[in-house]
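Taking it in order: structure first as structure tokens, then the write-up.
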Amino acid sequence: MKAINPSSLGIYIHVPFCLQKCRYCDFYSLPLAWPVDMASYNQALLAEISLKASLYPHQSIQSIYIGGGTPSLLSPQQIQTIITVIKNSFNLNIDAEISLEANPAALHEQKMAGLLEAGINRFSLGVQSFDDEELRLMGRAHNARQAYETIELFQRQGCKNFNIDLIYGLPGQSIEKWLQNLKQAAECNPSHLSLYLLQLEEHTPMGRDAAAKKIRLPGEDIEWEMYYQAVSYLQEHGYDHYELSNFCRPGYHCRHNLLYWSACEYLAWEPER
Ligand SMILES: C[S@@+](CC[C@H](N)C(=O)[O-])C[C@H]1O[C@@H](n2cnc3c(N)ncnc32)[C@H](O)[C@@H]1O
Ligand code: SF4
């Protein structure tokens, strides 16, 4: 497992924009059509980083996690500026993990190359499912082919350190269908997999559908079975189950997750709702 240095901080940056709002999602993000100005958000973020850095002089940083929302909507130049400001304001460790969350509908070849050049050394890709019908039900902005194409890009660009997010317990999903998704994900050989049980808040479109009984969730017994069978499958295929929802190839634990789970300190920039 990666060593965590308790005296070195992590940084979490929230990018609150998405191409469109997925029907299940309660994370704070605005659809891109909303009258927001990404450039002014970025400017405010940079000012905030410099301001906070003055409170932590010479503080060493072991991980930066740029999450969302959909941070892959930012340009490589914007990401590069964020990383440079952090480098200039703190003491960024030479081996710091710098992760970025990406959506298959918002990451093309040139952008990925630019992001790698900017210093991103770990991607987390929101795939959720390899089944187009399930993706449609979730209101995702991409289909399974686009997810595969993005994963092929990681492989072509020599980026070995990428995570795939999957959601299970979807309406109408059988254990077999879920395991098929998982198998397809593992066959892409990601260094890391995050498996999330669908959580529905009532104010989301899918939450409302569930409350009105327009959709039916598999139920607790099946959800447990989905989880346990997934854990066995991934362990049999060489993944370390190092945290409730997280699995990795040896040595590819997500440092940002470890910081959270070891109750280490981190600085976070999140807009207020
Ligand atoms: C903040 S999102 C970032 C990824 C990117 N925005 C995307 O979705 O492509 C992180 C992950 O949280 C998970 N997630 C979001 N809402 C969820 C929900 N209601 N239930 C379970 N998992 C959820 C998804 O797997 C998603 O990829
Ligand atoms: S799941 Fe990801 S892409 Fe979908 S709305 Fe939430 S943050 Fe945005």
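Quick notes on this structure:
- Candidates E101, E97, E109, E48 - the one that is away from ligand 1 (no atom under 16 Å from the Cβ) and closer than 18 Å to P190 by Cβ: E97
- Those residues of the stretch 56-69 which are outside any strand (DSSP E or B) and either modelled with pLDDT of 90 or more or β-branched (V, I, T) (or both), in sequence order: Q59, G69
- Residues that are under 15 Å from S191 (Cβ atoms) and more than 15 Å from ligand 2 (Cβ to nearest atom) within the stretch 154-172 comprise F154, Q155, Q157, G158, C159, K160, N161, F162, listed in sequence order.
- Only residues that are touching a Cys at 6+ places or on another chain (Cβ under 9 Å), assigned to a helix (DSSP H, G or I) and surrounded by 18 or more Cβ atoms within 10 Å (Cβ to Cβ) were counted across the stretch 109-125, and they come to 1.
- Counted residues, the stretch 55-88 - those being within 16 Å of ligand 1 (Cβ to nearest atom) and under 19 Å from R255 (Cα atoms): 6
- Yes/no for S129 being small (G, A, S) and within 19 Å of C248 (Cα to Cα): yes
- Residue in the stretch 151-162 that is part of a helix (DSSP H, G or I) and of a type in the set (S, T, N, Q) present: yes
- Qualifying residue in the stretch 78-89 (condition: hydrophobic (A, V, I, L, M, F, W, C), outside any helix (DSSP H, G or I) and modelled with pLDDT of 95 or more): no
- Residue, most open to solvent (accessible area, probe 1.4 Å), within the stretch 91-108, restricted to residues that are free of Cβ contacts under 8 Å to residues at least 60 places away in the same chain and in contact with a His (Cβ under 9 Å, 6 or more places away or on another chain): N91
- Hits in the stretch 229-253 (condition: open to solvent by less than 50 Å² (accessible area, probe 1.4 Å), of a type outside the set (S, T, Y), assigned to a loop (DSSP other than H, G, I, E, B) and under 21 Å from E187 (Cβ atoms)): G238, G251
- Scanning the stretch 200-232 for residues that are out of contact with any strand residue (DSSP E or B) (no Cβ under 9 Å at 6 or more places or on another chain) and either within 15 Å of ligand 2 (Cβ to nearest atom) or small (G, A, S) (or both) returns L200, E201, H203, T204, P205, M206, G207, A210, A211, A212, G219, S232.
- Residue satisfying all of: in the stretch 61-78; closer than 15 Å to R122 by Cα and away from ligand 2 (no atom under 16 Å from the Cβ); most open to solvent (accessible area, probe 1.4 Å) among these: P76
- Just so you know, in the stretch 194-221 the residues that are closer than 26 Å to C248 by Cα and touching a residue at least 12 places away in the same chain (Cβ under 8 Å) include one that is surrounded by the fewest Cβ atoms within 10 Å (Cβ to Cβ), and it is Q199.
The values are calculated or read from the model by the stated rules, or taken from the named source; none is laboratory data. None of the values given here were measured: they were computed from a predicted structure. Here Cβ is always computed from backbone atoms with ideal geometry, including for glycine, and neighbour counts include all displayed protein chains. Accessible surface is based on the protein model in full, side chains and every heavy atom, while ligands, DNA and RNA are left aside. Shrake-Rupley method; radii C 1.70, N 1.55, O 1.52, S 1.80 Å.
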